[in-house]
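A short worksheet on the structure shown next.
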Amino acid sequence: MPLPNTLPKPMQSLTTSSRYTEQSQNREPFLIVDRVSKTYATPKGPYTVLEGVDLTIFESEFVCLIGHSGCGKSTLLDMVSGFRKPSTGEVRLQGRQIARPGPDRMVVFQNYALLPWKTAFENVYLGVNAVYPEKSKKEKAEIVRSHLAMVGLEEAANKRPGQLSGGMKQRVSIARALSIRPQVLILDEPFGALDAITKEELQEELLKIWEEHKITVLMITHDIDEALFLADRIVMMTNGPAAKIGEVMNVPFSRPRERAQLLEDPHYYTLRNHALDYLFSGAVSSH
Amino acid sequence: MANPALRLPSPSPTLLSKWMPYIIPPVLCTGVVLIIWQALCLSPETKMPGPLKVIAQTMELILNPFAEGGIGVQLFTSLQRVALGYVLAAIVGVSIGMIIGVNTFLRRGFDPMIQVLRTIPPLAWLPIALAIFQDGQPASLFLIFITAIWPIVINTAVGVQQIPKDYDNVAKVLQLSGREYLFNILIPSTVPYIFTGLRIGIGLAWLAIVAAEMLASGAGGIGFYIWDAYNAGNDNGMSQIVLAVFCVGIIGLLLDRLVGYLGSLIVSES
């Protein structure tokens, strides 16, 4: 198993050092996945999806999770969001064990999960109203409006999801997630169903919002370019069953990132090839 | 041949020719049935009047439906009764459906009972209803209620189970309260299923009313009217009955379409 430091060390050749190295030196761990395993009982006996997963994420870090389908990425994400419980081990956010879903770990679902009978405004309002019951109607409406504006959807506030394109729906979903100020934003392949142009637009918007709010992000993706553009660190998982974290890759590019600039950087391709190699051979041979 | 068509480019022929394939078959088939009916009733011994005789004998009733004891008045009485029993069935049915839809234990517990009760025909309930209430009016209400409620319960429960998991996940992650979940997710996503149940229910309620009024007599209504005309045995009795039965059919159809229309209004909203 190649470790990150066996790489041709792109960090040293860049003038700016990685955010992650700063954080790991200066900050307390924020979100900890501590020796987590998940086993399901099946008619053929117990089936282990994840085994001994350890991961420490720092505050306002952007972490992407990549791996083959069925490697348990979503299961791991579900244990952070609280929809599933680890069979052994635990997940802690700021020292508190995660036992159930909550708005401090808001999820942007793969298929948007907007309520079709509510307008964009009402979909966001539902969350704001649930999380800030003490605020006045006017204040809550103002929060909703400002977050819809943040994702460029003021015009579409009174439209229902059925009248919105896939990209607009995902914008509403992101606005809903951010409007309740979660400590961790969890995204499960949020742009997987979108066309290439919309996808790039939304990646850039997400990055801008993240840079403004300095929110902690944990995101699943299949797209290595997406991960390299967005993440501070890319967590690569081994193939299931009994998947674990195979390798964690630092993405040392300075911020704010420009896609065009990134594509000209030779280290971009070094990292990209390494990740591809890992996914297409390393993950398999590690078992 | 083509010339007259070219000189008259009016839109009405196209509109007419568009609808003709839908108008001609029902008119033709209904006509044939009426002719056969008329032919079958030609014998002077038959007690069953042909369509021409029915119209001739009931012209007075058709023209004055809202005279005292007229057919319109009777239908109105029946509609009021159905409305009351049906609204009760809808309220109770949707509530029970939601509860057993949400709770697996209750669903499994009550399902066998519901499956048996829903197959019991309205007439079988009648003696039970009369025994319980000792009076025609509440007994007929009970009959409508108990006939209409089952499809409403079953469809509502199915609708609750069909709520997409994503919506439940949103509710969980936002930690919505029971009340918020009920009004923002449970009811809106179940509405199409509820309306399916309500539509089947209104049909059954209308079926039950005629049976109820025939036997739990004395309180008026179209069922009572039919039974009364039969018992009186007048010359034009059978014609009255045929007219009344025809009206029952038309009203039943209208009720079905009305609930279907209301449902489509609400469902298309979401």
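Each reported figure results from applying straightforward, stated rules to the coordinates on display, with no laboratory input. Computed from a predicted model, the values in this text were never measured in an experiment. Note: ideal-geometry Cβ built from the backbone for every residue, glycine included; neighbour counts use all protein chains shown.
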Magnitude of the charge dipole, the range B:131-247, Cβ model with Lys/Arg +1 and Asp/Glu -1, debye to 20 = 460 debye
ask   = Using a basic spin-label model with each label point 7 Å from the Cα along Cα→Cβ, how many nm lie between B:PHE133 and B:ILE250?
value = 2.8 nm
ask   = Which FRET efficiency value, to the nearest 0.05, is calculated for B:THR46 and B:ASN231 with the Förster distance at 22 angstrom and r the Cβ-Cβ distance?
value = 0.65
inquiry  = Could you give the length gained by full extension between B:ALA124 and B:PHE66, i.e. 0.36 nm per residue of separation minus their alpha carbon distance, to one decimal place?
reply    = 17.6 nm
key: Cα convex hull volume per residue for chain B (Å³)   = 222 Å³
inquiry  = Springs between alpha-carbon pairs under 10 angstrom, Gaussian network model over chain B: which of B:LEU255, B:LEU88, B:LEU182 fluctuates most?
reply    = B:LEU182
request  = Taking chain B as the reference, fit the longest principal axis to its C-alpha atoms, fit the long axis of helix B:71-102 to the helix C-alpha atoms, and give the angle between the two in degrees, 0 to 90, nearest 10.
outcome  = 20 degrees
ask   = On alpha-carbon atoms, Rg over Rh for the protein assembly as shown using Kirkwood Rh?
value = 1.17
query = Using a Gaussian network for chain B with springs between C-alpha atoms less than 10 Å apart, which of these wobbles most: B:THR104, B:THR196, B:THR156?
reply = B:THR104
query = Quick one: helix B:187-215 against the long Cα principal axis of chain B, what's the angle to the nearest 10°, folded into 0 to 90?
reply = 50 degrees
request  = Within the range B:54-120, report the trypsin sites (Lys or Arg not before Pro) that DSSP leaves as loop and that have at most 15 other Cβ atoms within 10 Å.
outcome  = B:ARG118
note = Pseudo-spin-label distance B:VAL158 to A:THR56, built 7 Å along Cα→Cβ, given in nm, is 5.5 nm
query = Most fluctuating residue of B:CYS29, B:CYS247, B:CYS41 in a GNM of chain B with Cα springs under 10 Å: which is it?
reply = B:CYS29
task = Take the Cβ-Cβ distance between B:VAL116 and B:GLN38 as r, set R0 to 41 Å, and report the resulting FRET efficiency rounded to the nearest 0.05.
result = 0.35
ask   = Can you flag which of A:LYS140/A:LYS199; A:LYS140/B:LYS172; A:LYS214/B:LYS165; A:LYS138/B:LYS165; A:LYS118/B:LYS172; A:LYS135/B:LYS172 are past 23 Å Cα-Cα?
value = A:LYS140/A:LYS199; A:LYS214/B:LYS165; A:LYS138/B:LYS165
request  = Please name whichever of A:ILE186, A:SER136, A:ILE98 sits farthest to the positive end of the charge dipole of the protein assembly as shown, dipole taken about the Cα centre and charges placed at Cβ: Lys and Arg +1, Asp and Glu -1.
outcome  = A:ILE98
ask   = What ranking of A:TYR268, B:TYR225, A:TYR112 emerges when the number of other C-beta atoms within 10 Å of each C-beta is taken as an exposure proxy, fewest first?
value = A:TYR268, A:TYR112, B:TYR225
request  = Please identify every one of the GluC sites (Glu not before Pro) in the range B:32-94 that sits in a loop by DSSP and has no more than 14 other beta carbons within 10 Å of its own beta carbon.
outcome  = B:GLU45, B:GLU68
query = Considering only B:LEU61, B:GLY109, B:LEU253, whose Cα is most displaced toward the positive end of the charge dipole of the protein assembly as shown, charges sitting on Cβ of Lys, Arg (+1) and Asp, Glu (-1)?
reply = B:GLY109
ask   = Which of the GluC sites (Glu not before Pro) found in the range A:108-199 are loop residues per DSSP with 16 or fewer other Cβ atoms within 10 Å of their Cβ?
value = A:GLU134, A:GLU154, A:GLU155
query = So for B:VAL245, A:VAL33, fewest C-beta neighbours within 10 Å to most, what's the order?
reply = B:VAL245, A:VAL33
request  = Work out the charge dipole of chain B with +1 on the Cβ of Lys and Arg and -1 on the Cβ of Asp and Glu about the Cα centre, then indicate which of B:SER43, B:LEU141, B:VAL32 is farthest towards its positive end.
outcome  = B:VAL32
remark   = To the nearest 10 degrees, the tilt of helix B:122-133 (Cα long axis) against the first principal axis of the alpha carbons of chain B is 70 degrees
key: Residues A:MET236, B:MET20 arranged by fewest to most Cβ contacts within 10 Å   = B:MET20, A:MET236
key: R0 of 25 Å, Cβ-Cβ distance A:GLU155-A:GLU211: FRET efficiency to nearest 0.05   = 0.55
task = Straight distance only, please: which aspartates and glutamates reach the Cα of B:LYS47 with their own Cα at less than 19 Å, same-chain residues fewer than 8 apart left out?
result = B:ASP228, B:ASP235
